[in-house]
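Written below as structure tokens is the structure these notes are about.
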Amino acid sequence: MDTLEVFLLTREWRDTASGVELCFWGTTGEQAVKIIISRQPSVCFIRRGQQLAPDLARLVTRREPLGLKNLGAQAVDGLYFTHQRQLREFSQLAKNQGIRL
């Protein structure tokens, strides 16, 4: 695999059938470069131990403890989603239920 130093110019994402696709355009100074990263999960963070109601849990692909803390110095878990639309739906439902992400 070749390595290039690239100055990023744009970035975008889109939901696809296989998950989130990230697209970056950049330049090496001599040529344009397009980088596509497929099947990326969307992620948000929740306080460790926070229980999820079934309507929320069904949207989560995976929950994983992380070595990170929130601004209140509490440990957090990562909640992973196959599609960005699942994360948006989850976020709205969580907000309605008073759950902070």
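Coordinate-derived values only; no laboratory data. As the structure is a prediction and not an experimental result, all values here were calculated from the model. Cβ sites come from the backbone with ideal geometry, for glycine too, and all protein chains shown count toward neighbours.
Under a Gaussian network description of the chain, with springs only between Cα atoms under 10 Å, the residue in Leu56, Leu68, Leu22 that fluctuates furthest is Leu68. Just need log10 I(q)/I(0) for the chain at q = 0.14, 0.17, 0.22 Å⁻¹, Debye formula, equal scatterers on the alpha-carbon atoms, no solvent, rounded to two decimals. Normalising to I(0) and taking log10 leaves -0.67, -0.84, -1.07. Computed over the chain with a Gaussian network model linking Cα atoms closer than 10 Å, the most mobile of Thr82, Thr28, Thr61 is Thr28. GNM remark for the chain: springs join alpha carbons under 10 Å apart, and the peak mean-square fluctuation among Gly78, Gly29, Gly19 falls on Gly29. Give me the distance between the Cα centres of the range 78-93 and the range 1-40, rounded to whole Å. Taking the Cα centre of each part, the range 78-93 and the range 1-40 sit 23 Å apart. Relative to the longest principal axis of the Cα atoms of the chain, the long axis of helix 84-96 makes an angle of roughly 30 degrees.
Return the FRET efficiency for the residue pair Leu9, Ala53: r is the Cβ-Cβ distance, R0 is 41 Å, and the value is rounded to the nearest 0.05. Calculated value: 0.45.
Shown here for the range 41-101: trypsin sites (Lys or Arg not before Pro) in loop regions (DSSP other than H, G, I, E, B) with at most 12 other Cβ atoms within 10 Å, namely Arg58, Arg100.
How many Å³ per residue does the convex hull of the Cα positions in the range 41-96 occupy?
Taking only Cα atoms, the range 41-96 has a hull volume of 79 Å³ per residue.
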